[in-house]
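Read the structure below first, then the notes.
Bear in mind that the values in this text are calculations on the coordinates, not laboratory data. On a predicted model such as this, the values are computed, not experimentally measured, just so you know. We place every Cβ from the backbone using ideal geometry, glycine too, and count neighbours over all the protein chains shown.
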Amino acid sequence: MWKVPLFDASFGPEEKEAVLEVLASGWISMGPTTERFESEFARMVGARHGVAVCSCTAALHLALLAAGIGPRCEIIVPSLTFVATVNAVLYTGATPVFADITGLDDWTISSREIQAKITGRTKGMIVMHYGGYPCDMEGIRSIAKDHGLKLIEDAAHAPGAHIDGRMLGTWGDLGCFSFFSNKNITTAEGGMIVTDDGDTSKRLRNLRSHGMTTLTWDRHKGHGFSYDVTDLGYNYRLDEIRAALGLVQLSRLPQYNAKRREITRSMRESLRRSDQLTIPFPDELIGSASCHIFPVLLESGVDRSRFMAYMKEAGIQTSIHYPPVHRFSAYSGRFLANLPLTDEVASREVTLPLFPGMTEEQIELVCETALRAAEACRS
Ligand SMILES: *Cc1c(COP(=O)(O)O)cnc(C)c1O
């Protein structure tokens with residue numbers, strides 16, 4: 001239907017083979033393939049432990065629980081993010097405290113805002129690497145350290161992105177990744193938590209599977225006949241089929257991200273010609289970012305709905321990242337939120353298509369159409 005969809009997952013024969021192998025093995029629920037996916041993912045990001053779960057939403061929930069977050073705690077969060085970042089805080093009974101973004105050129109949570117939102121009840125923060133571009137992790141880490149706060153990274157956009165060689169997701173106490181179908185690598189649904197702390201990883205594994213002391217796989221191997229339940233846990237497990245997909249996708253991540261960077265550079269270059277839109281984040285970051293999406297900021301005189309309709313007319317799918325969380329009906333009025341920069345960006349942002357399989361023709365069509373649309377839709 002679309003000439004250029006917003007994203008497009010690509011699989012090769014390797015994914016198909018990996019899935020069929022699991023089916024042939026006769027063991028499909030969490031087991032050795034999941035363990036291998038965990039250790040290879042952890043190795044890729046340079047963390048000691050990886051804990052696979054069924055989604056990044058589950059990852060965020062368990063990360064908060066493992067960090068000891070619960071009722072009466074305040075957790076500082078961005079609003080310019082997917083709603084799951086903040087929902088996870090509410091699952092624990094804690095209170096989200098919204099902080100604004102850094103600026104019109106940097107849409108990640110502001111470290112100055114974080115500092116300003118700390119109260120006696122603040123127990124931690126979740127930061128989100130928007131688009132695969134890093135938050136100010138040096139600054140945020142030192143605030144967390146000074147105040148004894150837990151630092152959780154929502155790295156759903158950021159597998160393979162780094163700051164000076166240190167991967168995003170490993171700067172805080174816990175890093176959470178997503179393998180949903182539109183992310184840089186996918187298992188259809190899936191997620192991963194990484195941490196360097198052994199006790200935390202044990203707690204995560206326990207909570208992931210009903211708080212039980214042994215797994216079905218352990219019992220299958222003959223390790224124990226019974227189990228105890230030591231905590232209120234969940235069923236947040238990944239399965240072998242998805243883990244097998246994940247292993248193949250993980251091996252493709254370097255080439256996928258390289259392609260995303262190349263396309264991002266080329267689109268930034270073409271779109272620079274317009275004075276009706278700007279592109280956030282500096283050029284120097286592209287080489288270390290994971291370029292998950294391609295966001296642009298329309299000038300305030302450009303009508304966004306008309307712009308998106310113009311693109312749609314040309315067969316190009318666009319989106320908005322994000323309608324800010326504090327404005328949703330389920331949130332608005334419940335929490336204090338004075339976020340002028342978030343509101344500004346959220347009202348003028350449009351996301352253009354970006355995926356590793358984009359052809360030269362598709363890239364050109366997107367850029368040429370966007371340039372024309374921005375001119376045509378000035379109000
Ligand atoms: C996709 C996404 C999530 C949720 O991931 P799921 O795996 O779909 O649960 C959380 N945060 C951000 C920033 C995301 O983009």
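Taking 8 Å as the Cα distance limit and 6 or more residues as the minimum spacing, I'd like the relative contact order of segment 1-115 as a percentage.
Values: 96 pairs, mean separation 18.1, N = 115.
It comes to 16 percent, rounded to a whole number.
What FRET efficiency comes out for the pair LYS3/LEU232, r = Cβ-Cβ distance, R0 = 35 Å, nearest 0.05?
0.10
Among the DSSP beta bridges whose two residues both lie in the chain, what percent are antiparallel, rounded to the nearest 5?
DSSP beta bridges in the chain are roughly 60 percent antiparallel.
Pop the C-beta distance of LEU104 and ASP218 into the FRET formula with R0 = 56 Å and round what comes out to the nearest 0.05. Intermediate results must be reported in sequence, preceding the final value.
On the way: r = 52 Å, r/R0 = 0.93.
For R0 = 56 Å, the calculated efficiency reads 0.60.
Just flag the trypsin sites (Lys or Arg not before Pro) in segment 153-247 sitting in loop per DSSP whose Cβ has no more than 13 other Cβ atoms within 10 Å. Intermediate values should be presented prior to the final figure.
Numbers: sites: ARG166, LYS183, LYS202, ARG203, ARG205, ARG208, ARG219, LYS221, ARG237, ARG242; in loops: LYS183, LYS221, ARG237.
Taking segment 153-247 and a limit of 13 other Cβ atoms within 10 Å, the loop trypsin sites (Lys or Arg not before Pro) found are LYS221.
Which of the lysines could a cross-linker bridge to LYS150, judged by Cα under 22 Å and excluding same-chain residues fewer than eight apart?
Within reach: LYS117, LYS123, LYS202.
Using amide H atoms built 1.01 Å from N in the peptide plane, name the residues 5+ places from GLY103, or on other chains, whose amide H lies under 5 Å from its own.
Answer set, sorted by chain and number: THR108.
Counting each DSSP H run of 4 or more residues in the chain as -39500 (n - 2.57), what helix-only mean residue ellipticity at 222 nm follows after dividing by all residues, to the nearest 500 deg cm²/dmol? Could you put the intermediate results ahead of the total?
Working: 12 runs with 148 residues, N = 379.
One gets -12000 deg cm²/dmol as the mean residue ellipticity at 222 nm.
Can you sort THR214, THR200 from fewest to most other Cβ atoms within 10 Å of each residue's own Cβ?
THR214, THR200
Can you sort TRP217, TRP107 so the residue with the fewest Cβ neighbours within 10 Å comes first?
TRP217, TRP107
Against the longest alpha carbon principal axis of the chain, how many degrees, from 0 to 90 and to the nearest 10, is the axis of helix 304-313 turned?
Rounded to the nearest ten degrees, it is 90.
Under the Karplus relation 6.51 cos²θ - 1.76 cosθ + 1.60, θ = phi - 60°, what is the ordered set of whole-Hz ³J(HN,Hα) values for segment 5-15, x standing for Gly and Pro?
Listing the rounded values in order: x, 4, 8, 8, 6, 10, 10, x, x, 5, 5 Hz.
Using Cβ contacts closer than 10 Å as the measure, can you line up ASP199, ASP231, ASP106 from fewest to most?
So the residues, fewest neighbours to most, are ASP199, ASP231, ASP106.
If I take every Cα pair under 8 Å that is 6 or more residues apart in the chain, average their sequence separation and divide by the length, what percent do I get for the relative contact order?
Working: 795 pairs, mean separation 87.3, N = 379.
23 percent.
Please give the helix 137-147 orientation as an angle from the longest Cα principal axis of the chain, in degrees from 0 to 90, rounded to the nearest 10.
Relative to the chain, helix 137-147 is tipped by roughly 50 degrees.
May I ask you to list the chymotrypsin sites (Phe, Trp or Tyr not before Pro) in segment 312-379 that are in a DSSP loop and have at most 16 other Cβ atoms within 10 Å of their Cβ?
Taking segment 312-379 and a limit of 16 other Cβ atoms within 10 Å, the loop chymotrypsin sites (Phe, Trp or Tyr not before Pro) found are PHE328, PHE335.
Which whole-Hz ³J(HN,Hα) couplings does segment 158-167 yield from phi under the Karplus relation 6.51 cos²θ - 1.76 cosθ + 1.60, θ = phi - 60°, glycine and proline marked x?
10, x, x, 8, 8, 10, 6, x, 8, 5
From the backbone phi of segment 89-96, what are the Karplus-calculated ³J(HN,Hα) couplings (6.51 cos²θ - 1.76 cosθ + 1.60, θ = phi - 60°) in whole Hz, Gly and Pro given as x?
5, 5, 4, 7, x, 7, 10, x
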